[in-house]
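**Q** One structure coming up, written as structure tokens, with questions to follow.
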Amino acid sequence: MKVDFPMPVRPVIQPPPMVEEVLEASEREALKTRIKALMQAQDAVLVAHYYTSADLQDLAEETGGCVSDSLEMARFGHAHPAKTLVVAGVKFMGETAKILNPEKRVVMPDLGADCSLDLACPADDFAAFCDAHPDRVSVVYANTSAAVKARADWVVTSGIAAKIVKHLHRQGHRLLWAPDRHLGAYVQRISGADMLLWQGACVVHEAFKAEALRKLHAEHPGAAVLVHPESPESVIALADVVGSTTQLIDAVRSLPNSEFIVATDNGIFHKMHAAAPGKILLEAPTAGEGATCTSCAHCPWMAMNGLRKLAAVLERGGNEIHIEESIRARARLSIQKMLDFAAAERAGHIQLGD
Ligand code: 13P
Ligand code: SF4
């Protein structure tokens, strides 16, 4: 009988203090004008996540870039002809862009913008976990380092995790999953797959509280509850829609409800309001009985991005993502499998049913 690698204990990740950029209107406009000129001169396109500031999201759209979930950020950056990709988000998003586009310059406003999931899954520990279970296919969430992706068989984002795991389960594979225990458990519940779960968590989504959410919903019985699957099982159990950031925005646009309770980073409200003007959006509670909210529905690492830092990077250089070539090439394979799966699924070549 094989000796089991001890199941990872729950890593405790201390998020940095929340420091958000605050700008007067005149400074905002001056910065945007400077950044637009610099981006044009450097043949750069801005790819931003929905959790970044409204200023960055607006700038991305005004300059022909994109604001999206992590799957679409990867797809967009890869398909776009610009020589420089400016990634406003967290480090794994910049690394994914570089893995897919080694010939492009990839820069970020702040290279310290990390993610509690990435930090919770050091590459050496993950490799030991894989080595202890060679019979299992390893599937990692995109919120991981390039080195972890290089060791994994598959990379998935929240928008496609359930589909890929169902597909692998139907092919008869047993899986090893890292690093988000909540997303992993959710995917396991809906797919029925045999999965061993790493024990990381997102500091933002883990803070949502089911009991307080139930109370808020009782006060707003007509509201649809939208939940990102990085949230705890008790919160997901109350959801009308569980999905990636893009899928939650689509739900606000398409559902007939006029009110929504949203359990994900509140940076998403900027896009939700634009997608469905007039609809009422309420934040899912992060403070309930016994709550120890360290993030309060906003990611402190995403908040490290801002217009001042972006202007400085474009003016002075630096903050470029570099990945050792052997790691990059291997990580590319596991990301490419996801992108190919997404393309095949969109083209109707993969039928998953329920
Ligand atoms: P999405 O892929 O749904 O945008 O999620 C990324 C993320 O970091 C959520 O916390
Ligand atoms: Fe990571 Fe959570 Fe921040 Fe997303 S919201 S980047 S999962 S810490």
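The values are calculated or read from the model by the stated rules, or taken from the named source; none is laboratory data. Note that the structure is a prediction, hence the values are computed from the model and not measured. Cβ placement follows ideal geometry from the backbone for every residue including glycine, while neighbour counts extend to all protein chains displayed. Remember, those area values only see protein heavy atoms, side chains included, never the ligands or the DNA or RNA. Shrake-Rupley method; radii C 1.70, N 1.55, O 1.52, S 1.80 Å.
**Q** For region 61-72, give me each residue that is closer than 16 Å to residue 270 by Cβ and of a type outside the set (Gly, Ala, Ser).
**A** Across region 61-72, the qualifying residues are 61, 62, 66, 67, 69.
**Q** Still on this structure, I have one more. Residue check, residue 122 against (1) buried (at least 23 other Cβ atoms within 10 Å of the Cβ); (2) within 16 Å of ligand 2 (Cβ to nearest atom), all met but one. Which one?
**A** With (1) buried (at least 23 other Cβ atoms within 10 Å of the Cβ); (2) within 16 Å of ligand 2 (Cβ to nearest atom) applied to residue 122, the lone miss is (1).
**Q** Further question: Tell me which residues, restricted to region 126-135, are out of contact with any Phe, Trp or Tyr (no Cβ under 9 Å at 6 or more places or on another chain) and either of a type in the set (S, T, N, Q) or assigned to a helix (DSSP H, G or I) (or both).
**A** 127
**Q** Here is a follow-up. Give the residue that is surrounded by the fewest Cβ atoms within 10 Å (Cβ to Cβ), with candidates limited to residues of region 141-158 that are within 13 Å of ligand 2 (Cβ to nearest atom) and either on the phi > 0 side of the Ramachandran plot or in contact (Cβ under 8 Å) with a residue 60 or more places away in the chain (or both).
**A** Result: 157.
**Q** Considering only residues that are assigned to a strand (DSSP E or B), within 16 Å of ligand 1 (Cβ to nearest atom) and surrounded by 20 or more Cβ atoms within 10 Å (Cβ to Cβ), which ones fall in region 241-275?
**A** 242, 262, 263, listed by residue number.
**Q** Being closer than 25 Å to residue 203 by Cβ, in a loop (DSSP other than H, G, I, E, B), open to solvent by 50 Å² or more (accessible area, probe 1.4 Å) and at pLDDT below 95 is true for just one of 290, 278. Which residue is that? First the steps, then the outcome.
**A** Details: 278 fails: closer than 25 Å to residue 203 by Cβ.
Selected residue: 290, the only one of 290, 278 that is closer than 25 Å to residue 203 by Cβ, in a loop (DSSP other than H, G, I, E, B), open to solvent by 50 Å² or more (accessible area, probe 1.4 Å) and at pLDDT below 95.
**Q** Next question. If residue 73 satisfies all but one of (1) out of contact with any strand residue (DSSP E or B) (no Cβ under 8 Å at 6 or more places or on another chain); (2) free of Cβ contacts under 8 Å to residues at least 40 places away in the same chain; (3) within 12 Å of ligand 1 (Cβ to nearest atom), what's the number of the condition it fails?
**A** (1)
**Q** Under 7 Å by Cβ, and 6 or more places apart or on different chains, what pairs join a residue from region 208-223 that is part of a helix (DSSP H, G or I) with one that is surrounded by fewer than 19 Cβ atoms within 10 Å (Cβ to Cβ) and hydroxyl-bearing (Ser, Thr, Tyr)?
**A** Correct list of pairs: 210/234.
**Q** Name the residues in region 144-167 that are in a loop (DSSP other than H, G, I, E, B) and among the small types (Gly, Ala, Ser), would you?
**A** Of region 144-167, the ones in a loop (DSSP other than H, G, I, E, B) are 144-145, 152-153, 157-160.
Answer for region 144-167, where residues must be in a loop (DSSP other than H, G, I, E, B) and among the small types (Gly, Ala, Ser): 145, 152, 158, 159.
**Q** Identify all residues within region 199-226 that are open to solvent by less than 10 Å² (accessible area, probe 1.4 Å) and more than 16 Å from ligand 1 (Cβ to nearest atom); write none if there are none.
**A** 213, 223, 224, 225
**Q** I'd like to verify a number: residues in region 314-339 that are in a helix (DSSP H, G or I) and either of a type in the set (S, T, N, Q) or open to solvent by less than 10 Å² (accessible area, probe 1.4 Å) (or both), how many? Walk me through how you get there before you give the answer.
**A** The initial filter retains those residues of region 314-339 that are in a helix (DSSP H, G or I), namely 314-316, 325-339.
Then keep just the ones that are either of a type in the set (S, T, N, Q) or open to solvent by less than 10 Å² (accessible area, probe 1.4 Å) (or both); that gives 314, 326, 331, 334-336, 338.
So the answer is 7.
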